[in-house]
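Please treat every number below as a calculation from the coordinates, not as lab data. Computed from a prediction, not measured in an experiment: that's the story for all the values here. Using ideal geometry, Cβ is built from the backbone for each residue, glycine included, and neighbour counts are taken over all protein chains shown.
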Amino acid sequence: MAEFGRRKFSATALPGFSTVAAITFIVLYAPIVTLVIYSFNASDSVALWGGFSAKWYGIAWQNTHVQEATIRSIIIAVSASAIATTVATMAALGTTRRGKYSGQTLIYIMINQPLMVPEIVTAVALLIFFASIKVATGYTGLIYLIVAHSAFCVPFAYLPIRARLEGMDLTLETAAADLYSTPFRTFRRVTLPLLAPGIAAGAMLAFVISLDDVVITEFVKSAGQDTLPTYMLGQLRRAVTPEVNAIATALLCLTVLLLTLFFLLTRKRG
Amino acid sequence: MKKTLILSAVAALIAGAAHAEGELNIYNWGNYTNPDLIKKFEEAYDVKVTITDYDSNTTALTKVEAGGHGFDIVVPSNGYVKIFIDKGLLLETRPDQMENFKNMDPTWVNVGWDMGRHYTVPWQWGSTGVAVNTSTYSGDINTSAIFLDPPAELAGKINVVPEMADVMAMAIYYVGGTDSCTEDKEILKKARDVLVAAKPSWLSMDYGTTDKLSSGEWVASVNWNGSTFRARLANPTVQYGYPVEGYPLWMDSVAVLADAKNVENAKLFQNFIMDPENAAMISAFARYSNGIMGSDAFMPADMKTAPEINPPAELAAAGKFAEACPKAVQDIHTAIWTELQK
Amino acid sequence: MSTSLEKQRARDGWLLSAPALVLLVFAAAGPLLIVATYAFLTPGDYSGVVWDFTLKAWFQVLFERDIFDDSISMADAHLSIFWRSIRLSLLTTILTFLFGLPTAWFIATRPAKQRAAWLFLITIPFWTNLLIRTFAIMEVIRYDGLLNKALLGIGLIETPLRIMYTDTAVLIGMTYVYLPLMVLPMFAAIDRLDIRLIEASYDLYATRLKVLTKIILPIVRPGIIAGSILVFVPSIGAYVTPRVLGGGKKMMVGNFIELQFGAGRNWPLGAALSLILLLIVSVALIFYVRVSTRSDSDG
């Protein structure tokens, strides 16, 4: 009996936690399953099943407008999350674990400001500001969207990193410094690995947030700069067809494939 | 090979649109432009056309007014064409002197928002009425009572599209008003009361009408005629009603922007869509009428007789074009709308 | 504590934060000042503003002049919209926490090599477009949808539940949409926890409850606070979910402000409303900074 009890006991097990986690994962994927199913819908509807067909994949494959929008979304999301995570990591290092100094609260409020106003307000503000730059310089490239996305992604990257850093032990870094490690080396070899899960969490959030943005993109975009969400917004008034489900499913498969490959490769090396 | 292809695509995307010869940037409502029409135009004139979407007249106006957008052509609705013109945002391209203007239906030449067609060419026009699933309700559907004083069979299963201007206009007509921008407080008060009283019978205020009407999730909805047409093709029991009390008409028109970079191509496009065959392509895609004579001959067969496209003569007169209301009236509409959705 | 040390700390802090601040001043906070000035101007006839100073927008936030008899009363429509938004956002925050904490805990306690895979599993559903995802949720909760079929199948209910177009639907949708914003910061915080600490406390006969309140919660706390901010603050301005799942019958603050900048053509009122929202949230955040820095010096 004692044997049995010890085997079952785990320090990390909390009653009910695994069950709730399992339910969460099931609930998260239930809509994704219906999304994939409806991508094979023969009818024009995302709500009414009309039999099995792969025709929407063919239609999506032909539609260059939507393909370009998808690629554009990904380019923006990758660039913006990389920029946002970099500056957010630095800011998190600058605002935690160093005791109080003047202006700390101001920095904190400024970094989180994009969270605090509805998107439409930032969108109008950016439209007016960027439009004047566009008129003055004549340049209307994708950079405006990348900069706008980077900015509103900052708090989403910053907060998880900060949560990781807060109250984190300084012993290892002090030890490294005691052993005459340079500050940069200490950062690269000690602080950064300790921070990695926070950075990963922040980068993932920033990526997802950028990928989903509609309102700010709608106002900042120039000619020929539709992203997948603004394309969808335009469709909303008329009718949304399973074409977008097909694109979502294709992207889903691609990511899962790439991730599996990535994990297999890193495992082999490890 | 593939890598360089992707890289160059990425580079092109980041570099932004260079305004060289042979380009045209159209800023239009989403899912509204027939890709075959664009392909035909591109091949005929050796022009690369880029379509960018918007979802409301106000978004389009705000963006165009801010400048630096890079668009050549915009397609605003009737009420907004006048605002665009008054603000000096449109180029006077004189479509009335273009070659294909001979095909223009005279009905649409002297319109309030562009007298004599000095700026714009019709894209599509339609009406906002009510769509009803007649398997649930067999009474008269040519009335706004469908959603403003709903019969028991429909209560709780009605959708109203969240278009403030259209819904306000229908309510005002329903209570006896003749002008959707009326300043008559008595009429406005009645309109508010009828809307507030009807609201509990509504299930939702949303778009996506075509889908949910054909699936039967909504039994009735305030809806556009073309959308109802597409719903009927999927589910024959869905019918379109033209409210006898009055209903809004709208027309989206193609205009060239004052700060357009590709003016000549934009003018070519205006002329191009006044060709009956091309106008028919526009209608075949989104299922609304155009304003070009002779285009019927090239339309899909099911459109020629569709009751959604061809209103019965006795109800045609009840349709009215609505202007964008003056600021003071607009504020009252917004206040009523807010009260409705609080 | 010498002042020179404190000065250096401040200098380093500002220096490290500088890139983020420059980016935000350029592309968020700075341009926002333009809109802030609009709150004191007169609305233009069809869009934008006219440069005539007035406080009318601020008056409109709180009071309404009856459109028919000119009597002035509290703008109860505005208050009820604000109140609904705050209530739904609070509930969303609580629900994401209740589902999120066990999930974050589960991920953080997997073997180190598996953790990245689980993190991806949590975020992949969010790589599909928000609108499509919301439509998919609709498929699950609608009258003849997946959920009702499942519940009927196992005999838990006799008639299908009507969830669509209610506040419950909005709540379900928002909880789904905002879940990763709660899980990921909590994961980042839990992941710091040294398992040996828990083992040691069990060895010292600590109860489960003691371990949870004395060891786990203090470690997770920064994550909970970060997650709560990331869920609560943006969900006040939520736009798509209330419209699609709630059927758009009732506005939230986000929709209401959008109306002022869109069809309502009253930019000054929209600007004033967002400044008030900004103020409320800033006060809450300053409170948070005070609390969290105090815990820093405790530890």
- Please grab the % of Cα pairs in region B:280-342 that end up more than 16 Å from each other. 64
- Item | Expected 222 nm ellipticity per residue - DSSP helices of 4 or more, -39500 (n - 2.57), all of chain A, to 500 | -24000 deg cm²/dmol
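Any chance you could run the full-extension gain for C:Asp12 through C:Arg87? It's 0.36 nm times the residue separation minus the Cα-Cα distance, nm to one decimal.
23.0 nm
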- Per-residue [θ]222 nm for chain B (sum of -39500 (n - 2.57) over DSSP H runs n ≥ 4, rounded to 500): -11500 deg cm²/dmol
- Task: Within 10 Å of each Cβ in peptide C:98-109, how many partner chain Cβ atoms are there on average? Round it to a whole number, please.
- Result: 6
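Relative contact order (percent) for region A:16-62, with alpha-carbon contacts under 8 angstrom and 6 or more residues of separation?
Relative contact order here is 24 percent.
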- Those lysines that a straight Cα-Cα span of less than 26 Å connects to B:Lys39, excepting residues fewer than 8 apart in one chain: A:Lys55, A:Lys221, B:Lys2, B:Lys48, B:Lys102, B:Lys261, B:Lys267, B:Lys304
- chain B: antiparallel bridges as % of DSSP beta bridges, rounded to 5, reads 60
- Peptide A:246-252, shielding by other chains (average Cβ, 10 Å cutoff): 3
- Return the ratio Rg/(2.2 N^0.38 Å) for region A:1-151, where Rg is computed over Cα atoms only. 1.66
- So what's the Cα pair-distance distribution over chain B, bin width 20 Å, in %? 29, 55, 16, 0
- Query: Ordered by packing density, taken as the mean number of other Cβ atoms within 10 Å over each peptide's residues, highest first, how do A:90-97, B:132-139 rank?
  - Reply: A:90-97, B:132-139
- When chain C is treated as a Gaussian network with springs between alpha carbons less than 10 Å apart, the largest mean-square fluctuation among C:Glu64, C:Glu258, C:Glu158 is found at C:Glu158
- Message: Can you compute the label reach from C:Arg162? Point 7 Å from Cα along the Cβ direction, backbone N cut-off under 17 Å, restricted to region B:200-215.
- Response: B:200-206
- Task: Would you calculate the separation in nanometres between label points at B:Lys199 and A:Thr64, each defined as 7 Å from the Cα along the Cα-to-beta-carbon direction?
- Result: 4.9
- Item | Added length on full extension, which subtracts the Cα-Cα distance from 0.36 nm per residue, A:Ala136 to A:Ala250 | 37.0 nm
- Among all the lysines, which ones have a C-alpha under 26 Å from C:Lys7's C-alpha, if same-chain residues fewer than 8 places away are not counted? A:Lys100
- Compute the length gained on full extension between A:Leu259 and A:Trp49: take 0.36 nm times their separation in residues and subtract their Cα-Cα distance, giving the result in nm to one decimal. 72.5 nm
- Bin by bin, in steps of 10 Å, what percent of the Cα pairs in chain C do you find, going until the bin that has the longest distance? 5, 18, 26, 25, 17, 7, 2, 0
- Item | Under 16 Å from the Cα of C:Lys250 - lysines, other chains or at least 8 residues apart | B:Lys199, B:Lys342
- Query: When the C-alpha atoms of region A:149-270 are aligned to their principal axes, what extent does each axis show, in angstrom, from largest down?
  - Reply: 66, 37, 25
- Query: Which order, highest average first, do C:235-245, B:283-293 follow once you tally other Cβ atoms within 10 Å for each residue and take the mean per peptide?
  - Reply: C:235-245, B:283-293
- Message: Per-residue counts of other Cβ atoms within 10 Å, averaged by peptide: what ranking do you get for C:223-233, C:142-152, highest first?
- Response: C:223-233, C:142-152
- For chain B, with a Gaussian network of springs between Cα atoms less than 10 Å apart, report the residue from B:Met299, B:Met205, B:Met104 with the top mean-square fluctuation. B:Met205
- Item | Unpartnered cysteines - no second Cys beta carbon under 4.7 Å - across the protein assembly as shown | A:Cys153, A:Cys253
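Just how many % of Cα pairs in region A:64-242 lie over 23 Å apart, if you round to the nearest whole percent?
50
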- On the first, second and third principal axes, largest extent first, how far apart are the outermost C-alpha atoms of region A:16-62 in Å? 47, 21, 12
- Item | Shielding by other protein chains, B:25-35, mean Cβ within 10 Å | 4
- Message: Test of understanding: ordering B:Arg117, A:Arg164 by Cβ neighbours within 10 Å, fewest first, what list do you get?
- Response: B:Arg117, A:Arg164
- Note on the structure: Here the relative contact order (percent) of chain A, from C-alpha pairs under 8 Å and at least 6 apart, is 31
- Counting DSSP beta bridges with both partners in the protein assembly as shown, what percentage is antiparallel, nearest 5? 65
- Note on the structure: Rh_Kirkwood(the protein assembly as shown) over Cα pairs, Å, one decimal, evaluates to 29.3
- Query: Which distance in nm do the two modelled labels at C:Phe59 and B:Asp179 give, with both placed 7 Å along the Cα-to-Cβ direction?
  - Reply: 2.6
- Query: Rounded if a/c is under 1.5, else prolate if a/b is larger than b/c, else oblate: which is region C:93-251, with a ≥ b ≥ c the root eigenvalues of its Cα gyration tensor?
  - Reply: prolate
